Structure formats: structure tokens, C-alpha cells
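As C-alpha cells, the structure follows; a few thoughts come after it.
The values are calculated or read from the model by the stated rules, or taken from the named source; none is laboratory data. None of the values given here were measured: they were computed from a predicted structure. Don't worry about glycine lacking a Cβ; one is built from the backbone with ideal geometry, like all the others, and counts go over all protein chains shown. These area figures cover heavy atoms from the full protein model, side chains too; ligands, DNA and RNA do not enter into them. Shrake-Rupley method; radii C 1.70, N 1.55, O 1.52, S 1.80 Å.
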Amino acid sequence: MKDINVTLGERVKLVRNANKLTREKLAETIEVSPRFIAEVEAGKVGVSLQTLNNLSAALSVSTDYLLGLDNENKPTHSQILQNRLESLDEKFYPLLSALLTELKNIDSAEK
């Protein structure tokens, strides 16, 4: 059985990268150092329950998923996109809407 710190680190890194978050941004969000995030991702250190909860909230995944207790509820593409949308400045919404319309047109043309 894999060490829980290694599992936690792998999953934090996986979800952080999927959400296009830097270690610095994640660290800032949960009020720890980027070095600490690097050590967590490497499986070198464990985390407190409070930090686990903060990681879970910042990454929008369950604590069970981060700990390897729940393999079924990994984040979906929709959840990852939603996380990225929520962090996007509203000034980009018109551009995003136009892009989505264009993608829909391309998809319709291919069918």
C-alpha cells in the first residue's frame, strides 16, 4: 500500500496542474509557502487537518479523494473548467462567450 503522504502529494499535484494553478498561487490561496506545497507534492511531509481541508476547498475536490480513500470522485473536466472559470476576470467573459459560440459552430459543421 502506498504511503498516504505520497498519495496526497500525487493527487494535489494532479489536480493543481489540471486546474492550471501554480504552486505559488495554491500556496497563497491556502496561506502556506510554495516550498511547503512542493514538499507535500513530493510526499515528503504530511499536512494538518486544517491544511487538508484548505487544500480540498482550494482544489474543489473531497478530502477523501486527496487521501486516496475515494478513487471514484476524481475531478471531471467540467469541474476543472468550472474552477478555471471562477478564477477568470469578468472582463474576459465576452471573449469566452464568443469563443464558445465559435467552437459550437465548428462542432456543428463537422457533424
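Annotations for the structure displayed:
- The mean accessible area for residues of the stretch 20-111, using a 1.4 Å probe and ignoring ligands and nucleic acids, is 72 Å² per residue.
- Positive-end ranking of TYR65, VAL40, LEU103 along the dipole of the stretch 28-111, with charges on Cβ about the Cα centre, is headed by LEU103.
- With all protein chains in place and a 1.4 Å probe, the accessible surface of the chain carries 53 percent carbon and sulfur.
- Sites GLU90 and LYS25, calculated FRET efficiency, Cβ-Cβ separation with R0 25 Å, nearest 0.05: 0.85
- Shape category assigned to the chain from the gyration tensor of Cα positions, a/c cut at 1.5: prolate
- Proximal lysine pairs, the chain, alpha carbons under 22 Å, eight or more residues apart or interchain: 12
- Counted by Cβ distance under 14 Å from ASN5, the other residues give a net charge of 0, where Lys and Arg count +1 and Asp and Glu count -1.
- Check: the chain dipole with +1 on Lys, Arg Cβ and -1 on Asp, Glu Cβ, in debye: 200 debye
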